[in-house]
Amino acid sequence: MLTTGTDLLLDVERPAAGGRMIARHEGRVVLVAGAIPGERVRARVERVERSVAYASVVEIIEPSPDRRPVEGDPSCGGCVFAHVAYPRQLDLKRDIVVDAFRRIGKITLDGAPPVAPSPERGYRMRARLHVRGRAVGFFREGTHELCDPAATGQLLPATGRVLEAVGHELAAVASEPVLSIDLAENLAGGERALHLELKPGGPTPATYSALVRVEGVTGVTCQLPPADTASLGGRPWVSDPVEAIAGRPAGSLGGLVLKRRPNAFFQANRHLLPALVSRVAALVGDGPILDLYAGVGVFAVALAAAGHEAVTAVEGDRVSGADLEENARALGGRLRVERSAVEAFLSRRPDAVGTLVVDPPRTGMSRAAMEGVIALAAPRIVYVSCDVATLARDLRRLLDAGYALASVDAFDLFPNTAHVESVVGLTRTRR
């Protein structure tokens with residue numbers, strides 16, 4: 001019988017979604033942290049559930065040739081694959097996609113989709129950080145202990161220096177009134193805006209106005225309970241040329257700019273964002289376009305700016321929706337914005353579209369949203385997903401409703417993690 005604290009000798013088989021690796025002990029699945037498929041390890045059991053045990057490596061007995069030293073704190077957020085050589089990381093993510101499609105979606109792919117690589121360092125231009133005294137950082141995996149985000153390499157070196165200076169400024173304010181900080185940067189890294197989440201009953205927002213003077217910070221806002229936002233100075237958003245986001249030559253899309261605030265949703269990888277947007281655009285066909293879960297408009301704005309005449313973008317989040325409206329203004333009638341939950345919008349039976357673009361949250365599409373999408377019967381669907389498990393689940397429903405897979409692409413938006421972004425093209429084969 002497995003119990004917490006037991007050491008096991010394990011042969012590691014394959015990756016599992018979430019970053020652990022699958023091994024077996026007396027027929028029972030053990031999900032092992034810190035291992036690589038093909039290794040023999042000694043692992044210590046952390047907890048035991050009905051059919052699965054969770055363990056972490058304490059000794060490498062037969063190491064993989066793909067094992068590498070880890071710089072910084074391996075338990076810091078975003079480092080679950082940091083011990084794996086980067087080319088092998090891409091192979092593991094490809095295997096995770098194939099396995100989830102087969103196991104959850106009952107979908108057998110003709111070939112494993114390649115995973116577009118990213119530089120491992122300085123890729124991240126959106127992050128949520130937590131505050132403890134003068135420390136500003138990520139949480140260690142599975143804890144509320146802070147770790148240094150700069151040491152993970154995810155952020156630009158200049159961003160690490162900014163966060164250190166921000167921590168010094170916050171330390172001057174008593175009672176740790178800041179709970180978290182949302183950070184947004186533009187592609188070039190020259191703009192950097194912060195949004196503070198404050199404890200109720202703390203100091204007035206003006207207390208934090210000194211943060212605007214930190215070198216490298218271009219704007220600061222804060223959240224006031226229950227849902228108001230106050231500007232503390234500078235520009236409350238960061239911006240990028242739409243051409244840069246869409247991977248187009250400078251000036252080719254009319255010099256339009258996409259703005260976003262730190263607490264609005266946005267894809268985080270500065271290196272792969274143009275390739276991601278370009279791939280979505282390549283899968284869009286003729287006719288009206290409907291973009292569900294549109295965020296600040298990264299796909300909808302790029303498509304409308306490229307000449308598509310009838311684009312509708314739907315976003316229910318208050319902050320992202322407001323940014324979407326702002327970004328749509330310069331496009332006139334080519335981009336119509338609906339500030340609504342996706343389920344409510346679809347329940348109103350929208351007009352027919354040529355291509356449906358969906359980029360839902362990690363939980364995937366709700367049952368009501370899926371029913372609305374199926375009823376819409378768009379000839380083409382482009383499904384963008386950050387969670388391969390919910391993607392596989394939703395694809396099964398779409399295939400059963402008369403769609404067929406046309407393409408599967410993957411993008412490594414979060415190097416050194418187990419996350420993989422997928423873009424799936426579907427075509428309707430029957431009504």
Subset of segment 81-121 (residues that are part of a loop (DSSP other than H, G, I, E, B), closer than 12 Å to Ala410 by Cα and touching a residue at least 40 places away in the same chain (Cβ under 8 Å)) = Pro113, Pro114, Pro117, Ser118
Mind checking which residues of segment 176-213 are modelled with pLDDT of 95 or more and not in a strand (DSSP E or B)?
-> Asn186, Leu187, Ala188, Gly189, Gly190, Glu191
Checking Gly251 against (1) loosely packed, with under 15 Cβ neighbours inside 10 Å; (2) of a type outside the set (D, E, K, R); (3) under 24 Å from the mean Cα position of the chain (by Cα), the condition it does not meet | (3)
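One line per residue, one yes/no per condition, for (1) of a type in the set (Gly, Ala, Ser); (2) surrounded by 21 or more Cβ atoms within 10 Å (Cβ to Cβ); (3) within 22 Å of His130 (Cβ to Cβ):
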| residue | (1), (2), (3) |
| --- | --- |
| Leu224 | no, no, yes |
| Arg235 | no, no, no |
| Val238 | no, yes, yes |
| Asn263 | no, yes, yes |
Out of all the residues in segment 101-113, which are under 22 Å from the mean Cα position of the chain (by Cα) and modelled with pLDDT of 95 or more?
-> Phe101, Ile104, Gly105
Given the conditions (1) in contact with a strand residue (DSSP E or B) (Cβ under 7 Å, 6 or more places away or on another chain); (2) assigned to a loop (DSSP other than H, G, I, E, B); (3) among the polar types (S, T, N, Q), report the number of the one that Gln267 does not fulfil.
-> (1)
Reported set for segment 92-113 where residues are within 13 Å of Thr390 (Cα to Cα) and touching a Leu at 6+ places or on another chain (Cβ under 7 Å) is Phe101, Gly105
Condition test on Arg50, is it part of a strand (DSSP E or B) and either within 19 Å of Met1 (Cα to Cα) or aliphatic (A, V, I, L, M) (or both)?
-> no
Got at least one residue in segment 297-310 being of a type outside the set (Asp, Glu), assigned by TED's automatic domain parsing to the domain that holds Ser252, surrounded by fewer than 22 Cβ atoms within 10 Å (Cβ to Cβ) and free of Cβ contacts under 8 Å to residues at least 24 places away in the same chain?
-> yes
Residue in segment 388-411 that is over 17 Å from Phe101 (Cβ atoms), touching a residue at least 60 places away in the same chain (Cβ under 8 Å) and more than 22 Å from the chain's Cα centre (by Cα) present = no
Restricting attention to segment 18-36, does a residue exist that is among the hydrophobic types (A, V, I, L, M, F, W, C) and not in a strand (DSSP E or B)?
-> yes
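The values are calculated or read from the model by the stated rules, or taken from the named source; none is laboratory data. Model, not experiment: these values are computed from the prediction. Neighbour counts are summed over all protein chains in view; Cβ atoms, including those assigned to glycine, are modelled from backbone coordinates with ideal geometry.
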